[in-house]
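Structure record follows, encoded as structure tokens.
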Amino acid sequence: MHSIKFGNHIIEYNLKRSNRRKTMSISVDQHGVSVISPSVTGIEKIEATLYKKAVWIKKQLADFEEMNTTMIQRSFLSGEKLPYLGRYYRLKVVKTNNIHPNFRFYQGSFLAEIPDEATQEQQRDIIYPLYIEWIKIRAHEFTKNRLKRFILKLQQEPNKIIIKEQKQRWGSCTASGNILLNWRVFLAPTSIVDYVLAHELVHLKHMDHSKEYWNMLQMLLPDYEKRKEWLKVNGRTLNV
């Protein structure tokens, strides 16, 4: 394990050298920082490049650290953070005389109003379904807006967009032209949502994963492979 010092922070990284590489790459995931460099590149040049990227690296590490907290099932108590479109917002729980619970986004936070008699142990059962429903409602409008530029390029639009619970898939496309989306996708950053939307929209043209399919997807999203990899690595964190 190698490391550099950036301000008061120590950034550790794994270094792998390759005779085949002509350029250096830096990647960050839940396991840390990885560097792959040509065999002839000196350590001074590697560390100089890391210094230039240090602010970005620190942000990525912080994001992954926050994502790791999502692996613990939330109890939906006041102070917990809930994800939406790649950001995390604090939850405030207020008990009221109203027997009907309510969930909304208010002044930069999620606000849940629940009956006075509800116990802490019951809060997840009460608030979690309301949170999912809130995501689904917002996701419909968000999806329509994000799809516009892809539809313009493809000259093809879905018959219907359905946002639902899906255990095994992030999205799917039916023979009737409907696009089905897993509500958990909308916990991810916008760029990842765009990837899933484009992925399914292209299936309206090509129902397989042929070369023509991937070429069309690349036309819509030149960096789709990077987004696809993000989802592969971080998909399991998109949970509450």
Scope segment 189-240; condition among the hydrophobic types (A, V, I, L, M, F, W, C), in contact (Cβ under 8 Å) with a residue 60 or more places away in the chain and closer than 26 Å to Leu82 by Cα; matching residues: Ile192, Val193, Leu231, Val233, Leu238, Val240
Subset tally (residues that are aromatic (Phe, Trp, Tyr) and surrounded by 13 or more Cβ atoms within 10 Å (Cβ to Cβ)) for segment 106-128: 2
Top-ranked residue in segment 130-155 [being open to solvent by 60 Å² or more (accessible area, probe 1.4 Å) and more than 26 Å from Lys81 (Cβ to Cβ); ranked as farthest from the chain's Cα centre (by Cα)]: Gln155
Residue check for Lys232: basic (Lys, Arg) and modelled with pLDDT under 90: yes
Tally of residues being at pLDDT 90 or above and either among the hydrophobic types (A, V, I, L, M, F, W, C) or open to solvent by less than 80 Å² (accessible area, probe 1.4 Å) (or both) across segment 63-104: 21
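The values are calculated or read from the model by the stated rules, or taken from the named source; none is laboratory data. Quantities reported herein were computed from a predicted structural model and do not represent experimental measurements. With ideal geometry, Cβ positions are generated from the backbone for all residues, glycine too; neighbour counts draw on all protein chains shown. Note: areas computed on protein heavy atoms with side chains; ligands, DNA, RNA excluded. Shrake-Rupley method; radii C 1.70, N 1.55, O 1.52, S 1.80 Å.
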